[in-house]
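The values are calculated or read from the model by the stated rules, or taken from the named source; none is laboratory data. The structure displayed is predicted, hence computed values, not measured ones. Using ideal geometry, Cβ is built from the backbone for each residue, glycine included, and neighbour counts are taken over all protein chains shown. Heads up: the accessible areas ignore ligands, DNA and RNA and are worked out on the full protein's heavy atoms, side chains in. Shrake-Rupley method; radii C 1.70, N 1.55, O 1.52, S 1.80 Å.
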Amino acid sequence: MDTPVVLIPALRDNYVALLHSPNGRNVAIIDPAEAEPVIRYLREHDLQPVAIFNTHHHPDHVGGNRELQKAYDLPVYGAAEDRDRIPGLTHPMYDGDRVTPAGLDRAGVLWDIPGHTRTHTTFVFPDDELVFAGDTLFVAGCGRLFEGTPEQMEASLSRLAGLPDTTRVYCGHEYTLKNLEFARAVEPDNPDVEEKLRWAEEQRQRGQPTLPSTIGAEKRTNPFLRVRERVVQEAAQARGAAGDDPVSVFAAIREWKDRF
Ligand SMILES: [Zn+2]
């Protein structure tokens, strides 16, 4: 399947994603950290933006909203609960709402998967096997718990893990190398982690992104999706996990990563 997504590096390590319409001329802008590189790309490639999607309210995900709206008069889709925190929000939405902006010609659905923040949106495009996971699921990692609980984040990650293995995962940051180094500390004998780390090092040396991943690849390499694996449970217990249930294991691994 062709990938209808382009990544624009922004700020220090953010990615702004553009999702193309099937005819290639229109795009939705996902998490514009800043407007300038996006506007430049749109002009260089003669593209018409039709919407902004925001996964959450952090400035490095919504920083370009106002300027892009000024330039293009765009609708902004995001969580209703964040209506006071997402600049220019025009389409406040709830879990399960359909996302079908005019001109995009793709059918998305919005999931509310909290944990990184008290509400956090993921845009799922089932027909296209695409998910824009923001700062919930990273390649080989997950977002920090700024406003949510381990219970919420573990449930959110499990929900994402239920998507088909072939689903391509886009996220908000290039954190892959650090995440894989941590994954190797959790599972020193996981050959999939080792292989992905070597590949990611080559990609970064070539100046290429390590996105997208797939749900299947994440299930093999991401310690936060592997909290039901014996070896991850044992690593968590060595770090003080209260039990071997998924939430206790997740909480211990997340705390370990915060200090890694
Ligand atoms: Zn964030």
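Suppose R0 equals 25 Å; then what is the FRET efficiency for LYS178 and ALA107 from their Cβ-Cβ distance, rounded to the nearest 0.05?
Details: r = 35 Å, r/R0 = 1.39.
Efficiency computed from Cβ-Cβ geometry: 0.10.
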Each residue of segment 110-125 in turn: what ³J(HN,Hα) in whole Hz from Karplus with 6.51, -1.76, 1.60 and θ = phi - 60°, glycine and Pro shown as x? 9, 10, 9, 10, x, x, 5, 10, 5, 9, 8, 8, 10, 9, 10, 10
Quick one: grab the alpha carbon gyration tensor of the chain, order the square roots of its eigenvalues as a ≥ b ≥ c, and give me rounded if a/c is under 1.5, else prolate or oblate depending on whether a/b is larger than b/c. prolate
Amide H proximity to HIS45 below 5 Å, modelled H, separation 5+ or other chain, gives none
Ellipticity estimate at 222 nm from DSSP helix runs (n ≥ 4, -39,500 (n - 2.57)) divided over the chain, nearest 500: -10000 deg cm²/dmol
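Stretch ASP245-ASP84 to full length: gain in nm at 0.36 nm per residue minus the Cα-Cα span? Please report the intermediate quantities before stating the final value.
Working: separation 161, 0.36 × 161 = 57.96 nm, distance 3.61 nm.
Value of the extension gain: 54.3 nm.
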Residue by residue, what Karplus-based ³J(HN,Hα) values in Hz, rounded to whole numbers, does segment 99-105 have, using 6.51, -1.76 and 1.60 with θ = phi - 60° and x for Gly and Pro? 10, 9, x, 4, x, 7, 6
Mean accessible area per residue over the chain (1.4 angstrom probe, all protein chains present, square angstrom) is 43 Å²
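Label segment 176-259 by shape, choosing from rounded, prolate and oblate, from the square roots a ≥ b ≥ c of the eigenvalues of the Cα gyration tensor; if a/c is under 1.5 it is rounded, and otherwise prolate applies when a/b is larger than b/c, oblate when it is not.
Working: a/c = 2.33, a/b = 2.07, b/c = 1.13.
Note, shape of segment 176-259 comes out prolate.
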Rounded if a/c under 1.5, otherwise prolate or oblate - segment 69-155, Cα gyration tensor axes: oblate
What's the tally of Lys pairs in the chain whose alpha-carbon atoms lie under 19 angstrom apart, where the two lysines are 8 or more places apart or on different chains? 6
Label-point separation in nm, HIS91 to GLN237, each point 7 Å along Cα→Cβ: 4.8 nm
From the phi of every residue in segment 177-184, what ³J(HN,Hα) in whole Hz does the Karplus formula 6.51 cos²θ - 1.76 cosθ + 1.60 yield, where θ is phi - 60° and glycine or proline is x? 4, 4, 4, 5, 5, 5, 4, 5
Return the whole-Å distance between the Cα centroid of segment 165-179 and the Cα centroid of segment 219-258. 19 Å
Counting only protein heavy atoms and using a 1.4 Å probe, what share of the accessible area of segment 1-88 belongs to carbon plus sulfur, as a whole percent? 45 percent
Considering only protein heavy atoms and a 1.4 Å probe, what is the carbon-and-sulfur percentage of the accessible area of segment 176-259? 43 percent
